[in-house]
Each structure stands twice: as structure tokens, then as C-alpha cells.
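Engineer: Submitted below is the structure of interest, expressed as C-alpha cells.
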Amino acid sequence: MKTNKWLSLNFRLALSSVLLSMLTSFMVHAFLLTLESRKESTFGLTGKITVLTMVNGPQKVTKTDATYAQNMLKDYIDKQSLSLVYSSIGDGRPEMLVYDPHGFLPWFPRVTDESFDFTTSHAYLFRGTYTEKQWSNFAKAPLLPKKVKVSGVIDAPSETGDLQYARTIGQDPLPPGNYTINTSDPVQVKHILDLFDQMGLVPQVSKEIPIFIYFANNPFLVITVLFLVMGLLCIVFDWFLYNQERVREFGIRIRYGALPTNLVQENLIVGITGLLIGSAIGGIMSNLLVAEISQTDIQLFNFQTITSIAISFTIVTLTWSLILYVVIKTNKEVNVDA
């Protein structure tokens, strides 16, 4: 291919790739932000999530039965490799209760010391809260229940609002409120609800948070995906028309013995420079724009940038190859066998 044609082809491919790479980068940023938002709304638990809003039920239970059911709940969560996070609602104590035997919560201290007293509830005060300041200044924590031991100060996870502390589940009865568990398996959820029923609690609301539905309901992510699809369609249309103008060139090459797959491979190699440069420029430009808008430190090559460049380069490479193949194989002026 002549130098002028090579430059013209790669300039066209690079320009299109810049646009698609920027849209891809915005989509990647939106995806990561949505993923982080979901983790915050579930207190750091990942995977399939179910939130149970429990209230006091009409059934009468004895303290002994409730304590037994509570211990059975802890044992079941441990054996099923689950985590349980309680957050108070309404007039309840401004607290979180945590049972995380396998350390799924990155913000909550995991105890591995065998001498640790698991029958006593241990509280970790959220840094900067009223309770933490009272404890630091006066060694008092009036909002804590009796017989709860203060074991440290930690940073509060997101979406905690006015909650003051998180504590381990001890022997005191579990209160009404929101219980978040990292499963949506109907068998596991039913078993947990049965144990709650034995403690005198019944579900007011039970909702799952599937990750796909959460993404689909996020308007920011949906808009960026829509723009990416629209941008890709525009590029497909432009490249298809461009290659239609080259049908006669392809036809001559075919008549002199070139195979369609060889033509696709040759044009892909010729245009790989433009595709790569355009993808890189678009990814870097979008990263600079995001950093400027969000007022954060500019990092030219971080995880988001590299990921968006890789995704964009893959998309444009596959798209360019597919369009070449379709044009070469379906056009009668090219395919002498048609």
C-alpha cells in the first residue's frame, strides 16, 4: 500500500478509535463507580445480596428459645460461609451488628485470637462520631448497651448515616431492623427467616439486590453504554461505506489469486497502527477529562485507563476485521464466486 493511502487509512481509523475509546473509557468509569456504589450500599459485601427488614412478630417466644435460635443462626452463617450485617432503623440504637466469621467485610476487624471472648459483644466506634469523642475524652459511651466492651476505633463504612459504632453479635437478643446477608439462595434465606421467627422476628420486607438489576437501574451506567453503542454504530457505518469504495481494489486482488482471509489480515495489519494510537489517545484524553471534572490527581496510566484502552482496542480491531470480511465476502464485484 502506498504511503499516502497508508496515512489516510490510519488517520481515519485513529480518528474513529479516539471517539470510541473515549466513550469506552466513560463506560468503564461508570461501571467501576456503580460497582463501588453497590458495595457501599451493602456495607462492603459482594456477590448476591438479600436485605431483610425484620420487625417484632406476634408469636411468643421464651428467652431460652430465642437465645438457642440466635446461636443456631450464628452457627449456620459460619457453616454456610456467609456474613450478617444489621443496621438499625427508626428509634433503634444507632448501631450496626456484625457476624463475619470469614472476614468478608474489609472494614470490620477480624478476630483470629482463640482467647477472644465471643460470648461478649465487642464494639468498634466509628471515628469522628459523638460516641467516639465521648469515649476518647471521658472514657464513656452512653449510647452503648450495657456489658458491651469497646475494643477499638475504626473508620465507618459508607452509607452508615448517623450510626455510631459496629459491634459483634453477643448473647443479647437481636433487635428489629435491616439485616443484610450475602446470599440470595432461597433455601438459605428461608432457613435464616425460620431462625428469625424462632427469635420472635418476622420479615416486613425481603428484597434481593442482584448485581445485573442494580447495574441496569443505574442511569449513569445505562447512558454511557447507550452512547458507546451509538458511537460504535456510527463507526460501523463510516467504515462500511469506506470499504465499499474499495470494492474494485479488493476485486482486482481476488482475481489475481488473493484469498478473502488474506485481504482481511493484510488490511488489519496495515490499519493496526491507527487503531492502537487512536485507542490510546482516546483513553488518555477521557482520563484527563474525568480527573479535571472530579478535581482529582491526574494519572495518565491507571487501571481505568489501561482497561478502557484494552477494551476499546479489542472492539475496534474486531469491528474493523468483521467489516472487511463482510464487504469482501458479500460484494459481487469482489467475490468472483458469487
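The values are calculated or read from the model by the stated rules, or taken from the named source; none is laboratory data. Just so you know, these numbers come straight off a predicted model, no measurement behind them. Methodologically, a virtual Cβ is constructed for each residue, glycine included, from the backbone with ideal geometry; neighbour enumeration extends over all protein chains shown. To get the accessible areas, we keep the full protein, side chains included, count just its heavy atoms, and leave off ligands, DNA and RNA. Shrake-Rupley method; radii C 1.70, N 1.55, O 1.52, S 1.80 Å.
Engineer: Of everything in the range 149-179, what is over 17 Å from Thr67 (Cβ atoms), acidic (Asp, Glu) and modelled with pLDDT under 90? Give them in sequence order.
Structural biologist: Glu159, Asp162 - these are the residues of the range 149-179 that are over 17 Å from Thr67 (Cβ atoms), acidic (Asp, Glu) and modelled with pLDDT under 90.
Engineer: Do the conditions hold for Thr160, that is, is it closer than 20 Å to Phe104 by Cβ and part of a loop (DSSP other than H, G, I, E, B)?
Structural biologist: Yes: the conditions hold for Thr160.
Engineer: Okay, next question. Could you check Thr183 against (1) assigned to a loop (DSSP other than H, G, I, E, B); (2) open to solvent by 20 Å² or more (accessible area, probe 1.4 Å); (3) in contact (Cβ under 8 Å) with a residue 60 or more places away in the chain and say which number it fails?
Structural biologist: Among (1) assigned to a loop (DSSP other than H, G, I, E, B); (2) open to solvent by 20 Å² or more (accessible area, probe 1.4 Å); (3) in contact (Cβ under 8 Å) with a residue 60 or more places away in the chain, Thr183 violates only (2).
Residue by residue, here is whether (1) open to solvent by 30 Å² or more (accessible area, probe 1.4 Å); (2) closer than 30 Å to Asn302 by Cβ; (3) not in a loop (DSSP other than H, G, I, E, B) holds:
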{"residue": "Ser16", "(1), (2), (3)": "no, yes, yes"}
{"residue": "Thr34", "(1), (2), (3)": "no, yes, yes"}
{"residue": "Lys39", "(1), (2), (3)": "yes, yes, yes"}
{"residue": "Leu45", "(1), (2), (3)": "no, yes, no"}
{"residue": "Met54", "(1), (2), (3)": "no, no, yes"}
{"residue": "Gln59", "(1), (2), (3)": "yes, no, no"}
{"residue": "Thr67", "(1), (2), (3)": "yes, no, yes"}
{"residue": "Arg93", "(1), (2), (3)": "yes, no, no"}
{"residue": "His102", "(1), (2), (3)": "yes, no, no"}
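Engineer: Here's something else I'd like to know. Ile306 - would you say it is surrounded by fewer than 22 Cβ atoms within 10 Å (Cβ to Cβ), in contact with a Gly (Cβ under 9 Å, 6 or more places away or on another chain) and at pLDDT 80 or above?
Structural biologist: Yes: the conditions hold for Ile306.
Engineer: Turning to a different aspect of this structure: Step by step: first the residues of the range 309-338, then only those that are exposed (fewer than 12 other Cβ atoms within 10 Å of the Cβ) and closer than 25 Å to Met230 by Cα, then the one that is modelled with the highest pLDDT. Which residue is that?
Structural biologist: Leu318
Engineer: Could I ask something else about it? Among the listed residues Arg255, Arg167, identify the single one that is open to solvent by 40 Å² or more (accessible area, probe 1.4 Å) and among the basic types (Lys, Arg).
Structural biologist: Details: Arg167 fails: open to solvent by 40 Å² or more (accessible area, probe 1.4 Å).
Only one candidate qualifies: Arg255.
Engineer: Considering only the range 113-120, I want to know if a residue exists there that is hydroxyl-bearing (Ser, Thr, Tyr), under 18 Å from Ala66 (Cβ atoms) and open to solvent by 70 Å² or more (accessible area, probe 1.4 Å).
Structural biologist: Yes - at least one qualifying residue is present in the range 113-120.
Engineer: When you check Glu132 against the structure, is it buried (at least 18 other Cβ atoms within 10 Å of the Cβ) and within 27 Å of Ser41 (Cβ to Cβ), yes or no?
Structural biologist: Numbers: buried (at least 18 other Cβ atoms within 10 Å of the Cβ): yes; within 27 Å of Ser41 (Cβ to Cβ): yes.
When the stated conditions are applied, Glu132 passes them.
Engineer: Provide a single number: the residues in the range 207-222 that are open to solvent by 70 Å² or more (accessible area, probe 1.4 Å) and touching a residue at least 40 places away in the same chain (Cβ under 8 Å).
Structural biologist: The total comes to 4.
Rundown of residues vs (1) of a type outside the set (S, T, N, Q); (2) assigned to a loop (DSSP other than H, G, I, E, B), yes/no style:
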{"site": "Phe108", "(1), (2)": "yes, yes"}
{"site": "Leu125", "(1), (2)": "yes, no"}
{"site": "Ser136", "(1), (2)": "no, no"}
{"site": "Pro142", "(1), (2)": "yes, yes"}
{"site": "Lys146", "(1), (2)": "yes, yes"}
{"site": "Gly152", "(1), (2)": "yes, no"}
{"site": "Ala156", "(1), (2)": "yes, yes"}
{"site": "His191", "(1), (2)": "yes, no"}
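Engineer: Against the definition (basic (Lys, Arg), closer than 30 Å to Glu208 by Cβ and part of a loop (DSSP other than H, G, I, E, B)), how does Arg167 come out, yes or no?
Structural biologist: So Arg167 does not fit the description; no.
Let's see how each residue does on (1) in contact (Cβ under 8 Å) with a residue 12 or more places away in the chain; (2) assigned to a helix (DSSP H, G or I):
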| position | (1), (2) |
| --- | --- |
| Phe240 | yes, yes |
| Glu249 | no, yes |
| Ile252 | no, yes |
| Val264 | yes, yes |
| Thr273 | yes, yes |
| Ile281 | yes, yes |
| Ala291 | no, yes |
| Thr296 | no, no |
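Engineer: Another one. Being open to solvent by 40 Å² or more (accessible area, probe 1.4 Å), under 26 Å from the mean Cα position of the chain (by Cα) and either among the β-branched types (Val, Ile, Thr) or within 27 Å of Val189 (Cα to Cα) (or both) is true for just one of Asp162, Asp78. Which residue is that?
Structural biologist: Sole residue among the options that is open to solvent by 40 Å² or more (accessible area, probe 1.4 Å), under 26 Å from the mean Cα position of the chain (by Cα) and either among the β-branched types (Val, Ile, Thr) or within 27 Å of Val189 (Cα to Cα) (or both): Asp78.
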